1. Any idea of Glu327's accessible area? Nearest 10 Å², probe 1.4 Å.
2. Quick one: if you take sqrt(5λ) for each eigenvalue of the C-alpha gyration tensor of segment 377-429, what semi-axes come out, biggest first, whole angstrom?
3. For Lys436 and Arg31, FRET efficiency with R0 = 35 Å and r from the beta-carbon atoms, rounded to 0.05?
4. Based solely on C-alpha atoms, express the radius of gyration and the Dmax of the chain in angstrom.
5. For segment 412-524, give me the percentage of DSSP beta bridges that are antiparallel, rounded to the nearest 5 percent.
6. From Cα pairs below 8 angstrom and at least 6 apart in sequence, can you work out the relative contact order of the chain, rounded to a whole percent?
7. Can you say what percent of the DSSP beta bridges in the chain, counting only those with both residues inside, are antiparallel? Round to 5.
8. Just order 136-142, 487-493, 112-118, 251-257 by mean Cβ neighbour count inside 10 Å, highest at the front, would you?
Amino acid sequence: MHRCTVRFVEQRWLRSVRCMSSTVGRRRALRSAFPVLDLPLQPVHQHVYEANLRNSSACHKKYTEFSEKVRRGGGENATARHTQRNKKLLVRDRLGLLLDDEDFLELSPFAGLGLPYGDIPSAGCLTGIGRINGLWCVFIANDATVKGGTAYPITVKKQLRAQEIAIQNRLPCVYLVDSGGAFLPLQSEIFPDKNQGGRTFYNEAIMSSMKIPQVSVVCGSCTAGGAYIPTMAEEAVMVHRIGTIFLGGPPLVKAATGEEVTPEDLGGARLHAEVSGCVDHFAWDEKEAFNYTRNIISTLNFHLPEEDEGETKKSRAEEEPLYSSEELSGLAPQSYNYTVDVKMVVSRLIDGSRFQEFKARYGTTLVTGFAKIHGHLVGVVANNGELSYEAALKGSHFVQLCDQRDVPLLFLQNTAPTAAATPSMKQAEINTNRLKAQGSMMSAVACASVPKITVVIGGCHGADSYAMCGRSFDPNFLFLWPNARVAVTAPGHAGSLLPPDAEQQEEERLNGRLKEESSAFFSSGRMWDDGVVLPQDTRKVLGDSLDIIKQQQYQLSTEKLRSTLLRM
């Protein structure tokens, strides 16, 4: 009797919590009357603005070239073979059938370009976050036109990052599997280590235990290690004739036993739907498969808020920044010396250019304060010069304040090109104090449990970048502007890394290497970020990212009551 009473109380408590959480979406946020940042371009900015604009145009041209290269996938011949001989849809056409619309957030599209082992467009798979029946979902979709869907080290890295985002933001995950397995000549970089191939399956198990839904669609080859992806997902859909699942294909069977067998008989959709039970849904074609998948997503226990679409659009239109986001291209610094007041950047990203600044007169080389982006309250932390002792203390205070209030953090990073020199004892004392304060800020950022988004709008250099929530400090999302530079020190400052008696030739060589290796496209090719975004698109990307982060509060089935002990 006592056990039944406890269980009844727990059920009522959980129902009340769920009821409270389900009404969150219908409540209005507190009204804000933040001051307006009215910061138009002045004649004094003209020289810097025009130089930055020329640099942004060159970066935009490179961005367009990379985007077109990625769109082509494996090239014309591979595309023709994929569509005509294999009778399969291209990966972007598959996403067109799966997602509600083409307005999805693609992650790391330039991953795999410019690597030592060659160009692997989009790392051989598309990852991103899009809406399915109104619900934001992570998708991981192999592109079989790129090297036949073979997995390279960068492919594995990209898949693991997509799963990490799904875990961090509690997003349902959909796998579109069309892969030929690992690229064996690079197996030492794919198979053995902790964060390599096997981690994909570990993550699947962990996500399932966290009640993060996973659905797999087998729309092509699913060979070797890849065969575990659909079998470990909660539900699996398989397409007739083009989908196969086996550890070793027909050639291996013939080599081992001498028996000849077709892929369909060895591991086709009929076999796995009717005999092995590895898949849950049999689809005659890809269109039917994606209809099944959309229906599966509709069974997930999410309660999304109801919104008046017309009213929402109207309110968002009224809250556009005071000045056009297009002006951000001229505010994106080509180098640290071409930096303008970061409040000019902030004012072109936030709703109505309204900004409630925190400690405005203290530590002025770091700008902190509250704003809204597409209706989401955020705490903004933006570099406006060197991260001094006072600025770091201010940053530490503000980060802890946001953590206390559960306000997401937005870091706009443009750090100093090199560490401060110590030519005197007095300067050494100043640098020591700065070091302590920066350590305090790093601790605050690392321990803050609120969502964090980082956008590198200029330089990402040295220890300052850690305090500003660089990649190693695990932000929910990290994006770069095309003009961004990512290196231990900026190009032209290699001398700070070399001994005083170093030859000039060595310094020039190191500066040349820094210039090449610090570019945003070099960084994105190696997945040191979640993608390069254009300055004028940043506001929309941030709005989508905040929507995505917020969705987890609408999942009703995140906890499970302890089941009663049944005895036979």
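1. 40
2. Working through the eigenvalues yields semi-axes of 28, 13, 6 Å.
3. For R0 = 35 Å, the calculated efficiency reads 0.30.
4. According to the Cα coordinates of the chain, Rg and Dmax are 25.9, 85 Å.
5. Around 10 percent antiparallel, to the nearest 5.
6. Rounded, it is 14 percent for the chain.
7. Beta bridges within the chain, antiparallel portion: roughly 40 percent.
8. 136-142, 487-493, 112-118, 251-257
The values are calculated or read from the model by the stated rules, or taken from the named source; none is laboratory data. Just so you know, these numbers come straight off a predicted model, no measurement behind them. A quick note on method: Cβ atoms are made from the backbone with ideal geometry, for glycine too, and the neighbour counts reach across all protein chains shown. Ligands, DNA and RNA are excluded from the accessible area calculation, which covers all protein heavy atoms including side chains. Shrake-Rupley method; radii C 1.70, N 1.55, O 1.52, S 1.80 Å.
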